[in-house]
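First the structure, in the form of structure tokens, and then the observations on it.
What follows is calculated from the coordinates using simple rules that are stated; it is not laboratory data. These figures come from a predicted structure and were not determined experimentally. Positions of Cβ are backbone-derived with ideal geometry, glycine not excepted, and every protein chain shown enters the neighbour counts.
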Amino acid sequence: MVENFIHEVNKEIRQYQLGDFLRRYRFALIGSALAIVLMTIIFQIYSAQIEHKAAQIGDSFLAIVAMPDRADYAAVLIKLDEIEKSGFGAYPFLTKMYRASILAARGDKIAAVTAFDAVADNPSAPQVLRAIASVRASYLLVDTGLFTDVENRVKSFATDINPMRFSAWEALGLSAWKAGKTEDAIYYFNRICQDEDATGTGFYQRAYIMLHLIHGRQTKTED
């Protein structure tokens, strides 16, 4: 009986304390609840706006990429500038890389290399884009630069586990062959052909052709 009485008293005290707490702080609690609701609504609106903006910029960029080669160069650059100035996500770096690709296609390979290097050397750019920019620059330098120029850009990718290794080995092999470094060229092309993951790819086919070409020339020289 006494225990039941104490239990009931404690229960009433807790209810009284809760009621007193609610009376004192009800407006603060209501305000906090409203603030949480408003913050949730604002976040949802902001997320929707971000998604909408991303879709718009993405569509604009894809539209530029889909433009024919004969499209007005100045008009393309203006559209790229608009996307780049948006500062949204990785698009500023993508536009720089696409601008570099246009420069290369127009024959200005030196300017294209400079543009790719600007992305590759930018710590704010996504790592994957920096790697791709380095590889793209190295391919251009096969024609316009020295073997060391290519090596400096892709040597770090030329490992057994790097996902960019085939591009790195190919660029190094081509540059070595062009520079008269035949043994180095054979080494890099063999790296591609001996990698199981390269089997059936364009990298394997091109490396196989280059090895046959090099060996064929060596045979003729010996004869």
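This ranking places 192, 132 by how few other beta-carbon atoms lie within 10 Å of each, fewest first, which gives 132, 192.
Couplings for the stretch 170-181, taken from phi via the Karplus curve 6.51 cos²θ - 1.76 cosθ + 1.60 with θ = phi - 60°, read 5, 4, 5, x, 5, 5, 5, 4, 5, 7, x, 8 Hz in order; Gly and Pro are left as x. Neighbours of residue 195 by Cβ distance under 10 Å: Lys/Arg scored +1, Asp/Glu scored -1, total -1. Quick check: net charge around residue 172, other residues with Cβ under 15 Å of its Cβ, Lys/Arg +1 and Asp/Glu -1? Combined, the nearby Lys, Arg, Asp and Glu give 0. So if I average 1/r over every pair of distinct C-alpha atoms in the stretch 142-223 and take the inverse, what Kirkwood radius in Å does that give? One over the average 1/r among Cα pairs gives 12.8 Å for the stretch 142-223. Counting other Cβ atoms within 10 Å as a rough exposure proxy, the listed residues 101, 134, 167, 124 run 124, 101, 167, 134 from fewest neighbours to most. Counted by neighbouring Cβ atoms within 10 Å, the residues 195, 160 run from fewest to most as 160, 195. Pairs over the 29 Å Cα-Cα cut-off, from the set 85/178; 155/178; 85/155; 96/155; 96/181: 85/178; 85/155; 96/181.
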